[in-house]
Amino acid sequence: AFYGCSGLTSVTIPDSVTTIGYSAFDRCRGLTSVTIGDSVTSIEGYAFASCWKLTSVTIPDSVTSIGNATFAGCEALTSVTIPDSVTSIGTHAFAGCTSLTSVTIGDSVTSIGDSTFADCTSLTSVTIGDSVTSIGESAFARCNSLASVVIPGSVTSIGTYAFLGCSSLKSVSLPESLISIGDGAFSDTGLESVEIPNSVTSIGENAFAETGLTEVAIPNPNTV
């Protein structure tokens, strides 16, 4: 609808709107602020992609889905809270948000999609909600400022290259719910120690390759 409107600086979505459509404000590179009305339930793919000057956005509790690459390339976005109303986040939704320092993922999200936060190079803090069961391929790849992450007890799988290249990542807590760790999931990270829980049945190729590991605990090696 407003694709490439580079002179647009501010947007208020009224309460009468229920959906922000595909590429609605894509490449509105002058956009600095967005107010989303409380009736919006869906923000579709690329809706705010490459809005380079967008510094903050409040996602209301009415939103249930965030599409693919919705905020991808929003280089000025510094923080985001995904409310408990959101159940699905698309692939690459926040990829390349290089100023993003903190993320809170609400308790209704069940999966973090492929490359959702890839290349968020300033990301230092992540809170993952207690309903997430899977962390997708390259979900946090190359988030090289991320120093630690707590993975909740709901997660059963960590995808291929999920934390690839997180060079500052020195510690990670793996829950007893975890079943599989994908290929290269923690490769090229700063991990110094890791404890593999008994629940894990598969560890992918190069899952912990090129790390700073000095200590690995596998309580029952026969299970992996």
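The values are calculated or read from the model by the stated rules, or taken from the named source; none is laboratory data. This one's a predicted model, so the numbers in the text were calculated from it and none came from an experiment. In this analysis, Cβ positions are derived from the backbone assuming ideal geometry, glycine residues included, and neighbour counts consider all displayed protein chains. SASA here: full protein model, heavy atoms, side chains in, ligands and nucleic acids out. Shrake-Rupley method; radii C 1.70, N 1.55, O 1.52, S 1.80 Å.
Within the set 212, 184, 190, the sole residue that is touching a Lys or Arg at 6+ places or on another chain (Cβ under 6 Å) and either of a type in the set (S, T, N, Q) or assigned to a loop (DSSP other than H, G, I, E, B) (or both) turns out to be 190.
Scanning segment 54-73 for residues that are hydroxyl-bearing (Ser, Thr, Tyr) and open to solvent by 10 Å² or more (accessible area, probe 1.4 Å) gives 55, 56, 58, 62, 64, 65. Within segment 177-197, restricting attention to residues that are surrounded by fewer than 17 Cβ atoms within 10 Å (Cβ to Cβ) and modelled with pLDDT under 95, the residue that is nearest to residue 128 (Cα to Cα) is 195.
Just a yes or no: is a residue in segment 4-14 aliphatic (A, V, I, L, M), surrounded by 15 or more Cβ atoms within 10 Å (Cβ to Cβ), modelled with pLDDT under 95 and under 30 Å from residue 153 (Cβ atoms)? No - not one qualifying residue is present in segment 4-14. Highlighted here are the strands (runs of 3 or more DSSP E) found entirely within segment 33-101 that include at least 1 residues which are farther than 27 Å from residue 144 by Cβ and polar (S, T, N, Q): 33-36, 56-58. For residue 156, the stated conditions do not hold, so it cannot be described as under 17 Å from residue 89 (Cβ atoms), out of contact with any Leu (no Cβ under 6 Å at 6 or more places or on another chain) and surrounded by fewer than 17 Cβ atoms within 10 Å (Cβ to Cβ). Of all the criteria given as (1) without any contact (Cβ under 8 Å) to a residue 24 or more places away in the chain; (2) open to solvent by less than 10 Å² (accessible area, probe 1.4 Å), the one not satisfied by residue 93 is (1).
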